[in-house]
Amino acid sequence: MLDDDGSLSASYGQGAITHQTNTDTEREACTAVCLTPAETRVLSLLPTYRTLLAIGTELGIGRPTVKTHVENIYKKLGATNRAEAVNLAERAGLLPHR
């Protein structure tokens, strides 16, 4: 989420990640990726390569709901699979680099 100060924040596990944007182009790219809080929580668990069922169990939501969130994340990031979504999210500052 783009904050008022131009930084990009995302929840990740127990903490929060903030990425300071440096250019107008980067700011435009960040505003293009507007994940909901629920999508952000699911995104934070994608690097663990847990199943959708396991992610749902951890978050207290059903597998179909997780699947919908993952599909929305892929669309918003322009990804076609989990590895690509994680990589793009890391580059956008939505996840810490592994």
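Can you report the number of residues in region 31-51 which are at negative phi, touching a helix residue (DSSP H, G or I) at 6+ places or on another chain (Cβ under 9 Å), exposed (fewer than 13 other Cβ atoms within 10 Å of the Cβ) and not polar (S, T, N, Q)?
Matching residues across region 31-51 total 2.
Of the residues that make up region 55-78, is at least one surrounded by 13 or more Cβ atoms within 10 Å (Cβ to Cβ), of a type in the set (Asp, Glu) and within 15 Å of the chain's Cα centre (by Cα)?
No: zero hits.
Look at region 68-98 and say how many of its residues are assigned to a helix (DSSP H, G or I), aliphatic (A, V, I, L, M) and either over 14 Å from PRO47 (Cα atoms) or touching a residue at least 40 places away in the same chain (Cβ under 8 Å) (or both).
4
Enumerate the pairs (first residue in region 49-67 and part of a loop (DSSP other than H, G, I, E, B); second residue anywhere and among the small types (Gly, Ala, Ser)) with beta-carbon separation below 8 Å, excluding pairs fewer than 6 apart on the same chain, so at least 6 apart or on different chains.
ILE61/ALA38; GLY62/GLY56
For a quick check of your reading of the model, give me the residue pairs whose first member lies in region 20-46 and is within 19 Å of ALA83 (Cβ to Cβ) and modelled with pLDDT under 90, whose second is among the hydrophobic types (A, V, I, L, M, F, W, C) and assigned to a loop (DSSP other than H, G, I, E, B), with beta-carbon atoms closer than 8 Å and at least 6 apart or on different chains.
Hits for this filter: VAL33/ALA92; VAL33/LEU94.
Residue by residue, here is whether (1) out of contact with any strand residue (DSSP E or B) (no Cβ under 7 Å at 6 or more places or on another chain); (2) small (Gly, Ala, Ser); (3) farther than 16 Å from THR36 by Cα holds:
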site	(1), (2), (3)
ILE55	yes, no, yes
ILE61	yes, no, no
LYS67	yes, no, no
LYS76	yes, no, no
ALA89	yes, yes, no
LEU94	no, no, no
HIS97	yes, no, yes
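The values are calculated or read from the model by the stated rules, or taken from the named source; none is laboratory data. Values in this document were obtained by computation on a predicted structure and should not be read as measured data. All Cβ positions, even for glycine, are placed from backbone atoms using ideal geometry, and neighbour counts span all protein chains on display.
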